[in-house]
Amino acid sequence: MSYCMAHRGWSGRAPENTMAAIKLALAEPGIQAIEVDVQLSKDGVPVLIHDFTLERTTNGSGLVKDHTFEELREWSAGGWFAEEFSHETIPALEELFQAVSHHSCRLNVELKTAGNLYPLLAEKVVELVEKYELISQVCLTSFDHEIIKRVKELQPSIKTGLIIAGKPVLLREQLVETGATILSMAYPYLTKEFVQTMIEEGYEIFAWTIDDASEIERIRAWHPDVCICTNHPDRMLSLTH
């Protein structure tokens, strides 16, 4: 019943968007998907990090886009979480793709951008998806609808999704306009009827980010195909099926 997506890797047990969190998720058979966030370094390397700034999740400072990949690698991306992870660095997206090459785990790659912050983000990510032959395994999602349209222009076979925090009108029209078949929505805005209707219409629903076991149990009961995105996959896996 429903499937489990590890939010930013297994971020309840290891620092988010690091290879440590990703490897923990890959080692757990009950986790069917992993969500990560991608931006570009100053020299155009797709890297895994959520915030546009470095302060919260690294011991660096400033904007991600203002530093080369080599500079970004100099900082710890895990020391803030626990001393044992102080050696973790900001991974390249390519490292993740190499790690999943022998796994069936699905990847939800969120394209983090705003305005014209990363004009080549879609191109760089699609290029890597194609290089590692992960078109059937990777979906690309974003709050930015224009970049999702761009992905579809570059590679129509890649599954794409819109990330929504709210319950906007003309939602289906936005999905059709962007070519997206996935709706990644903040779970408080979801209802049982809405989830069931959208899935019956052929859309996938990613419900994020649910960390309370009782809420996970309530929402996953709505439909066997709803995807639960959580920082704590163990709380979902411990529930009886």
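The values are calculated or read from the model by the stated rules, or taken from the named source; none is laboratory data. Every value quoted in this text rests on a predicted model; they were computed, and no experiment measured them. Positions of Cβ are backbone-derived with ideal geometry, glycine not excepted, and every protein chain shown enters the neighbour counts. Quick note on the areas: whole protein, heavy atoms, side chains included, nothing else; ligands and nucleic acids left out. Shrake-Rupley method; radii C 1.70, N 1.55, O 1.52, S 1.80 Å.
Secondary structure note: in the chain, about 15% of the DSSP beta bridges are antiparallel.
Neighbours of residue 146 by Cβ distance under 12 Å: Lys/Arg scored +1, Asp/Glu scored -1, total 0.
Over the chain, DSSP H runs of length four or greater, each weighted -39,500 (n - 2.57), average out per residue to a 222 nm ellipticity of -7500 deg cm²/dmol.
Computed over protein heavy atoms with a 1.4 Å probe, the accessible surface of the stretch 92-241 works out to 46 Å² per residue. When a/c is below 1.5 the answer is rounded, else prolate if a/b is larger than b/c, else oblate, so apply that to the stretch 159-208 with a ≥ b ≥ c taken from the square roots of the Cα gyration tensor eigenvalues. Cα axes put the stretch 159-208 in the rounded bin. Expressed as a whole percent, the accessible area of the stretch 84-217 that falls on carbon and sulfur atoms is 50 (1.4 Å probe). The 1.4 Å probe gives accessible areas that order 118, 187, largest first, as 187, 118. Each residue of the stretch 223-237 was assigned a 3J(HN,Hα) from its phi angle through the Karplus curve 6.51 cos²θ - 1.76 cosθ + 1.60 (θ = phi - 60°); the sequence is 7, x, 9, 6, 9, 9, 9, 9, 6, 10, x, 4, 5, 7, 5 Hz, with glycine and proline shown as x. Compare 184, 11, 104 in a GNM of the chain, Cα atoms joined below 10 Å, and give the one with the largest fluctuation. Per the Cα network of the chain with a 10 Å cutoff, 104 tops the list.
Heavy atoms of the protein chains alone define the surface here; on that basis the stretch 1-85 has 41 Å² accessible area per residue at 1.4 Å probe size. In this structure the amide hydrogen of residue 40, modeled in the peptide plane, comes within under 5 Å of the amide hydrogens of 47, none closer than 5 places in sequence on its chain.
Here the chain has an Rg and Dmax of 17.1, 48 Å, counting Cα atoms alone. Here the spin labels are modelled as points 7 Å beyond Cα on the Cα-Cβ line, and at residue 98 and residue 68 they lie 1.9 nm apart. Counting only heavy atoms of the protein chains and using a 1.4 Å probe, residue 67 has close to 30 Å² of accessible surface.
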